[in-house]
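Undergrad: Below is a structure I'd like to ask you about.
Nothing in this text is a laboratory measurement; each read-out follows from the coordinates by a stated rule. Values in this document were obtained by computation on a predicted structure and should not be read as measured data. So basically every Cβ, Gly included, is an ideal-geometry build from the backbone, and we count neighbours across all protein chains shown.
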Amino acid sequence: MSFSHIPLVMYEINSAKLKCNVGVRFTMLNKLLKSLLVLAAGGLMLVAGAAAQTQDNTSGAGPGQYDPGHPRVNEVNGREQNQQDRIANGEKNGTLTPGQAAHLENREQHIDNQEKADMAAHNGHLTKGEQRQLNREQNRTSRQIYRDKHSDK
């Protein structure tokens, strides 16, 4: 490889003269810049991968948001809907008085408020302990619905 067509540049360092081909200097600079560019691109890919991984762990739910794919939330909500239907049917067919229905609705509202507070504390999810507590409260309300519907009023 011949550099005869590239002009020579003279450098003077402490009274010593150095001859250097301009092309060699630019080649070294290009290699250095390319290496830095590759390192920067690799660093960006690493950061982007870590950010994407962090977002996947939340299942798309944030504080105060409901995660429809969470099984504990779905189980609690399914039971809640079933009990709402039982109260509405009891009121409709006359087995529950308006007062009994209002009392049961207040209990259901208390459970719903507790569920929302628990979910807000855990990014839209329920812990097993919170689910267990909500189930206990729903069991008590379910028994009360049964007793009220089968009482002599």
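Undergrad: Taking Lys116, is it of a type in the set (Lys, Arg) and in contact (Cβ under 8 Å) with a residue 24 or more places away in the chain? First the steps, then the outcome.
TA: Values: of a type in the set (Lys, Arg): yes; in contact (Cβ under 8 Å) with a residue 24 or more places away in the chain: yes.
Taking the combined requirement at face value, the residue satisfies it.
Undergrad: Let me ask something additional. Collect the residues in region 90-99 that are touching a helix residue (DSSP H, G or I) at 6+ places or on another chain (Cβ under 9 Å) and over 13 Å from His150 (Cα atoms), keeping them in residue-number order.
TA: Pro98 - this is the single residue of region 90-99 that is touching a helix residue (DSSP H, G or I) at 6+ places or on another chain (Cβ under 9 Å) and over 13 Å from His150 (Cα atoms).
Undergrad: Across region 89-113, what is the number of residues that are under 26 Å from the mean Cα position of the chain (by Cα) and without any contact (Cβ under 8 Å) to a residue 12 or more places away in the chain?
TA: 1
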